[in-house]
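The values are calculated or read from the model by the stated rules, or taken from the named source; none is laboratory data. Because the structure is predicted, anything quoted here is derived from the model rather than measured. Note: ideal-geometry Cβ built from the backbone for every residue, glycine included; neighbour counts use all protein chains shown. Keep in mind that these areas ignore ligands, DNA and RNA; they rest on the heavy atoms of the full protein, side chains included. Shrake-Rupley method; radii C 1.70, N 1.55, O 1.52, S 1.80 Å.
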Amino acid sequence: MNYRIIRAAERGLKDIGWLQSNFTFSFSSYANPERSGFGLLRVFNDDFVQKGGGFGLHAHQNMEIISVLLAGRMNHKDSLGYSEIIEPGGVQIMSAGTGLRHEEYNVGDDEVNFLQIWIEPKLGNIAPRYQRRQFPEEKRRNQLVTIVSNDEGTAHCWINQNARLSLGYFEAGQQLRYPLKPLNKAVFVFVMDGSLMVNGQAIGKRDSIGLWDTDLVSIECPAESRFIIIEAPINS
């Protein structure tokens, strides 16, 4: 097994008042040649958006873009005709494909916190697509729930890549074993709250660990913990 830990304090930071972004990998004004991504996981941003702030209309192409809303209320509007409000526990995906434009704003009274995740696509120049699902926290206690997969279905969002994203919300003392899919995979774990032991390595709040060259990940929860697991190819 190989692994790499990135502590919360080691992330890049962009603070422009209405937006505070914490960059695990190089993005925007944060450039770190040693952190260009983790396999086909290219972007993992922990974003905080103040009331009234947001991202104006902008374009994407040939990228699988996933947003996981942790707190607050955020709108989504895009060139495909979708216009809706995302609540905590909401997960949205955009298979940007040949291109789309979208905007997101904090439309509530409280700070928005969401995870912005970009994964390189399996196929380029596909027809763009948007999808949203809701995963209420009270229905996820002590279980690992798939929120995004490459498999089509009604229980989760699906994307154009051999990847799987799962949310965990576990009480103190819980343990789980996460088997990887076939070869050429890697696993990235990020802790939103609490702390974990991941294959014997301690990671705390807002820390992350990437693991590869292993077929099983064991997770122990010393405290009540909320985390996300991203399984994606090392390369295309």
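Tabulated data
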item: Solvent-accessible area per residue, Å², over the stretch 1-145 with all protein chains present [probe radius 1.4 Å]; result: 47
item: Stokes-Einstein diffusion coefficient of the chain, Kirkwood radius over Cα pairs, 37 °C, 0.692 mPa s, in µm²/s; result: 183
item: Prolate/oblate/rounded call for the stretch 140-228, Cα gyration tensor, a/c under 1.5 rounded; result: oblate
item: Compactness of the stretch 1-126, expressed as Rg and Dmax over alpha-carbon positions, Å; result: 14.8, 45
item: DSSP-defined antiparallel bridges as percent of all bridges, the chain, nearest 5; result: 95
item: In sequence order, calculated HN-Hα J values of the stretch 212-222 (Karplus, 6.51, -1.76, 1.60; Hz; x Gly/Pro); result: 8, 6, 8, 10, 8, 10, 9, 10, 10, 10, x
item: Length added when fully stretched, R4-M197, from 0.36 nm per residue minus Cα-Cα; result: 68.1 nm
item: Surface share of carbon and sulfur [accessible, 1.4 angstrom probe, percent] for the chain; result: 47
item: Given 12 as the ceiling on other Cβ atoms within 10 Å, longest exposed-site-free region of the chain for GluC sites (Glu not before Pro) in DSSP loops; result: 35-151
